[in-house]
Amino acid sequence: MNTASPAQGIAAWWQALPLTAVFALFFAVPLALIVMVSFWNFNDYELLPAFTARNYLTVFEGCGNLAEPCVTLKTYLSTLKFSLLVWAITLVLGFAVAYFLAFHVRSPGMQTLLFVLCTIPFWTSNVIRMISWVPLLGRNGLVNQTLMDVGLIGAPIEWLLFSD
């Protein structure tokens, strides 16, 4: 038995209206404009509002030869490879950490502390996280210095920082 009056239903729509307006203004409209402009033609210095699919076709130029994939196809395959790899590692590590926090740490305060410790990397920007690889994997980084000190390599490994 539903006791809600029609006026309450209308009130709910009025409450959702500001969020809907913000969503439309700052997400839906700019996205629609980007999609629209992506089908326009262009020359060296201006956009020409004439419909064309050339912009999308040029992305896949040279992709007919599967023996030597084009840049676009290589990028898509690399993105798929890394996304699946990161997904698998995150799944394993995430469940292991969550299981440990849920079933082996008894103190709620310690659970909270360890959880916050796990989230600290997300507080930094992506740029800072990318730059932080340099002291570890760079030419004079920790990994190269350790490998040279142990005697496994005679000179720094150049490709270490920029490898997959």
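A few points about this structure:
- Placing a pseudo-label 7 Å from each Cα along the Cα-to-Cβ vector at CYS118 and LEU136 gives an inter-label distance of 1.8 nm.
- Segment LEU91..SER107, full-extension length gain: 3.3 nm, with 0.36 nm per residue of separation and the alpha-carbon distance subtracted.
- Candidates VAL150, LEU25, CYS118 compared by Cα position along the dipole of the chain: farthest toward the positive end lies CYS118, with charges placed on Cβ.
- Distance from region 1-77 to region 85-144 (C-alpha centre basis), Å: 33 Å
- Residue among LEU152, LEU80, LEU101 with the largest mean-square fluctuation in a Gaussian network model of the chain, springs linking Cα atoms under 10 Å: LEU152
- Percent accessible area from carbon and sulfur atoms, region 120-164, protein chains only, probe 1.4 Å: 70 percent
- Accessible area per residue for region 1-86, computed on protein heavy atoms with a 1.4 Å probe, is 86 Å².
- Furthest towards positive pole of dipole, ALA67, ALA11, PHE95, structure part region 1-129, Cβ charges: PHE95
- Helical contribution to [θ] at 222 nm, DSSP H n ≥ 4, -39,500 (n - 2.57), averaged over the chain, rounded to 500: -18500 deg cm²/dmol
- Rounded to whole Hz, the Karplus (6.51, -1.76, 1.60) HN-Hα couplings of region 118-128, x for glycine and proline: 5, 8, 4, x, 6, 7, 9, 6, 4, 5, 5
- Simple point charges give the picture: +1 on the Cβ of Lys and Arg, -1 on the Cβ of Asp and Glu, and for the chain a dipole about the Cα centre of about 500 debye.
The values are calculated or read from the model by the stated rules, or taken from the named source; none is laboratory data. As the structure is a prediction and not an experimental result, all values here were calculated from the model. Positions of Cβ are backbone-derived with ideal geometry, glycine not excepted, and every protein chain shown enters the neighbour counts. Calculation scope for accessible area: heavy atoms of the full protein, side chains included, ligands and nucleic acids excluded. Shrake-Rupley method; radii C 1.70, N 1.55, O 1.52, S 1.80 Å.
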